[in-house]
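Engineer: Mind looking over this structure? Questions follow.
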Amino acid sequence: MKGHISKSTAALFAVIALLAGALVVTISSPNRIPVFADTSRAAETGPITTFAPVVKRAMPAVVNISSSKVVKEQPEQGNMFDNPLFRQFFGGRNMPQQEQPRSQRATSLGSGVVISSDGYIITNNHVVDGATDVKVSFANKEEYPAKVVGTDKATDVAILKINKTGLTTLPFADSARAEVGDVVLAIGEPFGLGQTVTMGIISAKGRAGLGIERFEDFIQTDAAINRGNSGGALIDTRGDLVGINTAILSGETGGNQGIGFAIPANLVHNIMDQIMKNGKVTRGYMGILPQELTPEMAKAFGVPNTHGIALANVIADGPAAKAGLKVGDVITAVNGTPVDDVNSFRLQVAGFAPGTTVHLKVDRNGQNLDLSVTLSEFNLEAENRGGAEGNLPGGGEKGALKGVSVQVLTPDLRQELQTPEGTQGVVITEVDPDSAASAAGLQQGDIIVQVNRKPVTTVSEFNSAVNAGASRESTLLLVKTGPGTRFVVVPNK
């Protein structure tokens, strides 16, 4: 009957109304984020809407670090007394003394995290780099001189030690289990204001290629990180250390833009263990130049997908060369773990101790190989050595590759390009800026070593190799640019 509601229907509506009311209460306060750090406690008291208990436990373990060093300030260039006409006017007599370099004390402020109750502290290397005087201050105003136990510039981690026991510490989280979207808190001392806490989420993981450090695997967060936060803590809602804040992506103001980076706790823990045990950090070294496998390269290599990394160079007499690896090989797995990108591969290899034997799955021209490589020790300075890019005049012969002129690599050109002895190939002398070759990244001074996996040492060999592959969708080149070597795919149409 119209207008009549049964008792059972009325009861159902009452339940729905209660649930709707609870939902309204929950969403009507958008700044209150329910966090169920302890589900048993949540069942008793309701959702936790404050981080105060977590912060109170964590804050005593986050410290302020001040460091100083003496630097020489060079006099300004272009002093009028350096002008020959001015000196001639004075006749070289009674000339004012040129200003000498002056010593000046430079200071740096940062943050740190206590990792052991007997006084060991983690911070960023750039906070204490070159410092002659380091001090650690706690929130209760206690201050202690600190000793730098060890540093690792490649990851921007430093370990300090103060003469103090009974300290509050932060436990390490397993940063591998952290997920994008997790709530995190950043604790530090921005701008020297004193301890400050900001909240955000993990925005991304595995950030690399930023050019901040040699080894990068950053956690990205939108929790505000500013100057002075370097070396501070990024914690989860349980109060465990997820990462060490290290850098921000900032505009001209140098302020927070909502993009900050932290070194993952697992990486920090590994560096900490090595420094505290051995006083330094050692890393495995394979002796190759890996390159990302793009879809175009995968097709040119004849591999089914982009899983793996291509070898653009194999260092002579290095561990990889001794194990039989060759330029053009595609490494698809390390110790059974699939290889997805160059950065994760580098981090994985660097994580092994020198002398470790690793087992590789390799694709070589469609053939699957199992190779074992015994790693040597990574040497950052040796890796950074290399030649400079040349600046060649236009000329050479117009090659079979459209838009590219080349000439043979003569001894004079090898010297001009600072290319190591034994390098063979043809030198690009000119690239049409409107060509597909230019769009692919080829430039004047590049040395083409291979065409479609075949070595070329003369212009005629280069032209023959290009023409032989003219029916393909693209031409695969192995190119040496300065100290580096890379594969380049140039479309044929």
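The values are calculated or read from the model by the stated rules, or taken from the named source; none is laboratory data. As the structure is a prediction and not an experimental result, all values here were calculated from the model. Here Cβ is always computed from backbone atoms with ideal geometry, including for glycine, and neighbour counts include all displayed protein chains.
Engineer: Is it the case that PHE172 is surrounded by 11 or more Cβ atoms within 10 Å (Cβ to Cβ) and modelled with pLDDT of 95 or more?
Structural biologist: yes
Engineer: Could you check how many residues of the range 408-430 are assigned to a strand (DSSP E or B) and either under 15 Å from LEU477 (Cα atoms) or not assigned by TED's automatic domain parsing to the domain that holds THR481 (or both)?
Structural biologist: Let us first name the residues in the range 408-430 that are assigned to a strand (DSSP E or B), namely 408, 426-430.
Still in the running and either under 15 Å from LEU477 (Cα atoms) or not assigned by TED's automatic domain parsing to the domain that holds THR481 (or both): 426-428.
Residues flagged as assigned to a strand (DSSP E or B) and either under 15 Å from LEU477 (Cα atoms) or not assigned by TED's automatic domain parsing to the domain that holds THR481 (or both) within the range 408-430 amount to 3.
Engineer: Right, next: In the list ASN343, ASN305, ASN245, which residue meets the criterion of being within 25 Å of PHE172 (Cβ to Cβ) and surrounded by fewer than 22 Cβ atoms within 10 Å (Cβ to Cβ)?
Structural biologist: Of ASN343, ASN305, ASN245, the one residue that is within 25 Å of PHE172 (Cβ to Cβ) and surrounded by fewer than 22 Cβ atoms within 10 Å (Cβ to Cβ) is ASN343.
Engineer: Tell me, yes or no, whether the range 185-198 has at least one residue that is acidic (Asp, Glu) and crowded, with 18+ Cβ neighbours inside 10 Å.
Structural biologist: First, pick out the residues of the range 185-198 that are acidic (Asp, Glu): 189.
Subsequent filtering for residues that are crowded, with 18+ Cβ neighbours inside 10 Å retains 189.
Yes, the range 185-198 has at least one match.
Engineer: Which of the helices (runs of 4 or more DSSP H) contained wholly in the range 315-396 include at least 1 residues that are more than 28 Å from LEU417 (Cβ to Cβ), modelled with pLDDT of 90 or more and over 19 Å from the mean Cα position of the chain (by Cα)?
Structural biologist: Ranges flagged: 319-323.
Engineer: Sort out which residues of the range 451-482 are part of a strand (DSSP E or B) and surrounded by 21 or more Cβ atoms within 10 Å (Cβ to Cβ), and write them in order of number.
Structural biologist: Residues satisfying the conditions are VAL451, THR475, LEU476, LEU477, LEU478, VAL479, LYS480.
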